Structures are given as C-alpha cells and as structure tokens.
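Below is one structure; the comments refer to it alone.
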C-alpha cells in the first residue's frame, strides 16, 4: 500500500486495466493527497459516495463528471482547466488502449505503430513535467505568501 500524505488510511494498490488508466488514477490520487482532504470530505463535496470515489481512485475508469468534480474540489482555480484537460486526455487514452497480444504470438505493427507508442510516452513525460513544474510554482507562491506575511 502507498502511504497517504494527508492522513487517513494508506492508498491500496491501483487495479487499472491499462497503463493510461493507472496513470490517471495516480494523478487523481495525487490531487486528493495535495488537497489534504479525506475521502469522506471529498465525497461530500463532489456528491458521490465514498465507496464509489474509492473505486475510481483505485483504477476503475472514472466518468467525465467525476473527473471534473474531483479537480474542482482539489485543485486551485487557476490550475483547474489544465488539470482537467490532462485528466480527460488520459481518460480518452485509457478508453482506447493499445491492442494486447498473447504471449508467443507474433507482433504485427502497422505503419506508424512505433510513432504512436513514442507519442504516448512523450505525452506522459510532458504531463509529469507539468505536474512537477506546477508543484514547484505552488511552493514558490506559498513561500512568497509566507514572506509577505512575515513582513
């Protein structure tokens, strides 16, 4: 189990159907952790049961309204639009996963198959970079506010 930042029980394992759904669950969990809200508080704010909220955060592909509500409840207003776009893009990617092959079966790649994999990897790196940059900017703003308050 992964420890939670804001208290409460630690997160259980993510049981996603594909890597994009796993990444989406990780990002949504990070938003919840960063907000410091418990699932009980969060589920009240997004008008969804704690159990269903937990199911989506455990890797089941969430609905668009759930993603929008969760981001509205956990992300600062100036970052919401970007975060929602990133999450919805991952949801779309998770809805159209790469075809699975059976072990031992020959892999037949059509033209551009390598490009699609490379593009998906680059998009995942870009989202991760945006997340790190946003956290750094948020920390900088917090330090600036603390400095101004101390003056």
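Throughout, read-outs are computed from the coordinates displayed, never taken from laboratory work. What you are looking at is a predicted structure, and each value in this text was computed from that prediction instead of being measured. Here the Cβ positions follow ideal geometry from the backbone for every residue, glycine too, while neighbour counts run over all protein chains shown.
Just a few scattered comments:
- Difference of contour (0.36 nm per residue) and Cα-Cα distance, residue 141 to residue 85: 17.9 nm
- Cα shape, the stretch 3-93, gyration tensor, a/c 1.5 rule: rounded
- FRET E, pair residue 128, residue 150, Förster distance 35 Å, beta-carbon r, rounded to 0.05: 0.60
- Inter-label distance, residue 52 to residue 95: 1.8 nm, where each label sits 7 Å from its Cα along the C-beta direction.
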